[in-house]
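The values are calculated or read from the model by the stated rules, or taken from the named source; none is laboratory data. In this text, all values refer to a predicted model and were calculated from it rather than measured experimentally. No Cβ is skipped: glycine too gets one built from the backbone with ideal geometry, and neighbour counts run over all protein chains shown. These area figures cover heavy atoms from the full protein model, side chains too; ligands, DNA and RNA do not enter into them. Shrake-Rupley method; radii C 1.70, N 1.55, O 1.52, S 1.80 Å.
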Amino acid sequence: MTLGLKITNVSKTWNPDGPDPVPAVRNLTLDVALGEFVVLLGPSGCGKSSLLYIVAGLEDATDGSVTFDGLRVTEPSPERSLIFQEASLYPWLTVQDNITFGLKIAGLSPKKQHEAAERLLQLVGLVGAGDRRPHELSGGMRQRAALARALAMKPKVLLMDEPFAALDVQTRARMQGHLLNIWESSKASVLLVTHSIDEALALADRVVVFTARPGQIKAEIPITAPRPRDMRSPEMIELARQCEALLGEEVEKSFKEQELT
Amino acid sequence: MTDETLQTPLVANRQESFGKRLLRRMEPVLWVMASLSIFVGFWEFAWWRGWANPLLLPPPHIFLANLPDQFRFFDPGGTRAGALATGGSIFSVLGVIAWSSLRVTVGLALGFMLSLAIGIGIRYFRIFGKLVLPLVTMLAPISPVAWLPVAVFIFGIGNPPAIFLVFIAIFFIMTLATLSQIDNVPVHYIQLARIMGCNKRQIYRHVILPAILPELFVTLRMNLFAAWMVVLIAEAVGVGSGLGQVTMMARNTFNASLVFFTMTLIGLTGFAFDQTLRYIQRKVLWWVGPSNVGGL
Ligand SMILES: Nc1ncnc2c1ncn2[C@@H]1O[C@H](COP(=O)(O)OP(=O)(O)OP(=O)(O)O)[C@@H](O)[C@H]1O
Ligand SMILES: [Mg+2]
């Protein structure tokens, strides 16, 4: 039995029987080891989100298989938690109730829920904000609350779909540092999608560059530099140049395709 | 609000901030007054210039002049087609208003709960949905007024047909609104619930229901006025008591003053209803900002 996430020959076509089927992912194979931080980088519309939905179990692959810790993924589970670009906290619940939503569903006692909430608020730096409503929080705070909500379920994989894309640059940098701390202490694997090369290089153990649609793996770039990384170091600048070249080609392609259609 | 209350400087200071607070709270009310004054002003002016025949369009200072005289026409028991021999009182007026309000309230409550239940049922149980939805869609465009004879055939005279009509006036619209609200729940909300281990029932209970309630309540509020119109028609035709009956009686006896007096009451009551629903919405369903339909 292999631990971790195994994506084997996965293809995904949207509307396969419709008038114009959309091949989003084609024949993709990717493994994410236990505790590994993998970042997906690719042109817009190349199927990154589609892949995350499949891994989360929200959508079925058209072909191929996803296994986690040796078990085939067929439905969503708290151990593979997904975080969206927009925090999508439930507006009718307080921050604390949002964070403990999954625990409540799991039937934990209110006391246990409360303890967990305290611990998680501490962890993501939201102490004292538990009684607030989501709309009273800033974008960064909301995203931290969403992270706490995912962590409450003790996930083994965090799937993150452009989690910081809606934040300003400063908040974004802080959030990245935050995420690294949490990741290091939680020992979960992370599969994170981003459009930002800098973000990819700052976070990843391995950057996976996608081709234009249908998404396939174009290149895998391991990064061994210790964190926190200095983006201005020659090594990082060289890696950034590499990523930019790889990504540039694919963005070009996907634009050409869009012009054709 | 008056400036005669200025006292020693120290107290005056506190008074001023209190006065300011009061003024801020009163501001919406002042605008309502201003809005009304313009309307009443034109009307009174038209009367003063002799454009408006006081027998047909008596201005407010006439139809509000002799209240006890108007009160005599109000009988909570209803069924009477004329002034009471002995003078009515403000209580008989309130009684009449209470009857109309009760019919509207019960009809709205029934309509809201049943449409919510049926709407959710249509989406939750597929076969039930396929069987019921076409029926709802076909019945929805029928005006509540067209249901009036049906209401009388089924329920005869009294409260039930009026309540039934209010119910009909909102039920189909609200059922369709429930469906559209369910379909518009952000897909992320549901995906997250699934990830966090919710089954279908839990998704409906913990995510879809709270997500759709505020907007449905807004829809209910917007249909409040339709409900009032219907209840007045029902009262005029089939019930024999309430504000609708008084209006009809006033019309039959060419009592223009009474017509306008009753219209004033209807307007005020409808306004109070809307404010009450807004209040409930703010307190209970706070997570969608209070929408601004209908002012204030
Ligand atoms: N639910 C869906 N139904 C039909 N087609 C879809 C659906 N979701 C995505 N697609 C299509 O699949 C393709 C890949 O979409 P996807 O969202 O996975 O791309 P992405 O790499 O996440 O893009 P972006 O970087 O812009 O978020 C797109 O052409 C999109 O239109
Ligand atoms: Mg995407």
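Mind checking the per residue accessible area of the stretch A:38-136 for me, 1.4 Å probe, whole number of Å²? Walk me through the intermediate numbers first.
Details: 4120 Å² over 99 residues.
Result: 42 Å² of accessible area for each residue.
Considering only protein heavy atoms and a probe of 1.4 Å, how much of the accessible area of the protein assembly as shown is carbon and sulfur, as a whole percent? Write out the running numbers ahead of the final one.
Details: 17800 of 28590 Å².
Carbon-and-sulfur percentage of accessible area, whole number: 62.
Lysine pairs in the stretch A:137-261 with Cα distance under 22 Å, only those 8 or more apart or on different chains: how many are there?
4
Translational diffusion coefficient of the stretch A:62-115 at 37 °C, 0.692 mPa s, Stokes-Einstein with Kirkwood Rh over Cα pairs, in µm²/s as a whole number.
For the chosen part, D equals 239 µm²/s.
Starting from the Kirkwood Rh over alpha-carbon pairs, what translational D in µm² s⁻¹ does chain A have by Stokes-Einstein at 25 °C and 0.890 mPa s?
128 µm²/s
When only alpha-carbon atoms count, how far does the stretch B:205-277 stretch along each of its three principal axes, as whole angstroms with the largest first?
Principal axes ranked by extent give 56, 23, 13 Å for the Cα atoms.
Please identify, among A:Thr224, A:Thr29, A:Thr194, the residue showing maximal mean-square fluctuation in a Gaussian network model of chain A using a 10 angstrom Cα cutoff.
Among A:Thr224, A:Thr29, A:Thr194, the largest GNM mean-square fluctuation belongs to A:Thr224.
So in the protein assembly as shown, what percent of DSSP beta bridges are antiparallel if you round to the nearest 5?
Roughly 50 percent of the DSSP beta bridges within the protein assembly as shown come out antiparallel.
For an R0 of 35 angstrom, estimate the FRET efficiency from the Cβ-Cβ distance between A:Ser44 and B:Val132 and round to the nearest 0.05.
About 0.25, to the nearest 0.05.
If you take the accessible area of A alone, add that of B alone, and subtract the area of the pair, what total do you get in Å², probe 1.4 Å, to the nearest 100?
The contact between B and A buries close to 2000 Å².
R0 = 60 Å: FRET efficiency of A:Thr224 with B:Ile142, Cβ-based, nearest 0.05?
Rounded to the nearest 0.05, the efficiency is 0.25.
Work out which residues of the stretch B:171-204 lose at minimum 30 square angstrom of accessible surface when the other protein chains are put back, relative to the chain isolated, with a 1.4 angstrom probe, and list them by number.
So the qualifying set is B:His188, B:Tyr189, B:Gln191, B:Leu192, B:Arg194, B:Ile195, B:Met196.
Can you grab the distance from the C-alpha centre of the stretch A:164-216 to the C-alpha centre of the stretch A:1-76, Å, no decimals?
The two parts, judged by their Cα centres, are 18 Å apart.
How high is the relative contact order of chain B, in percent, with contacts defined as C-alpha pairs under 8 Å that are six or more residues apart?
Once divided by the residue count of chain B, the mean separation gives 20 percent.
What is chain A's relative contact order, in percent, from Cα pairs under 8 angstrom and six or more apart in sequence?
Once normalised by length, the contact order is 25 percent.
Please arrange A:Arg132, A:Arg80 by accessible surface area, largest first, computed with a 1.4 Å probe and ligands excluded.
Final ranking, largest accessible area leading: A:Arg132, A:Arg80.
Given the -39500 (n - 2.57) contribution per DSSP H run of 4+ residues, what per-residue ellipticity at 222 nm results for the protein assembly as shown, rounded to the nearest 500 deg cm²/dmol?
Mean residue ellipticity at 222 nm (helix-derived): -18000 deg cm²/dmol.
Given bins 10 angstrom wide, list per bin the percent of all Cα-Cα distances in the stretch A:186-261, short to long.
Calculated P(r), rounded to whole percents: 17, 48, 26, 9, 1.
Subtracting the Cα-Cα distance from 0.36 nm times the residue separation, let me have the gained length for A:Glu238 to A:Thr67 in nm, one decimal.
Between A:Glu238 and A:Thr67, full extension yields an extra 58.1 nm.
Only residues of the stretch A:1-28 count here: report those whose backbone N is under 17 Å from the spot 7 Å along Cα→Cβ of B:Val187, or say none.
Residues A:12-25 fall inside that zone.
Using a Gaussian network model on chain A with a 10 Å cutoff between Cα atoms, which of A:Ala56, A:Ala245, A:Ala145 fluctuates the most?
Sorting by GNM fluctuation, first place goes to A:Ala245.
Ignoring ligands, DNA and RNA, what accessible area per residue does chain B give at 1.4 Å, in Å²?
55 Å²
Under a cut-off of 28 Å between alpha-carbon atoms, report the lysines in cross-link reach of B:Lys20, not counting same-chain residues fewer than 8 places apart.
Within the straight-line limit of under 28 Å, B:Lys20 reaches these lysines: B:Lys283.
Among B:Phe91, B:Phe39, B:Phe171, which one moves the most in a GNM of chain B with springs linking Cα atoms closer than 10 Å?
B:Phe39
Could you check how many percent of all C-alpha pairs in the protein assembly as shown are farther apart than 31 Å?
Here the long-distance tail beyond 31 Å is 64 percent of all Cα pairs in the protein assembly as shown.
Between B:Ile280 and A:Val169, with labels modelled 7 Å along Cα→Cβ, what's the label distance in nm to one decimal, could you check?
5.2 nm
Expressed as cubic angstrom per residue, what is the convex hull volume of the alpha carbon set of chain B?
Convex hull volume per residue, Cα atoms: 188 Å³.
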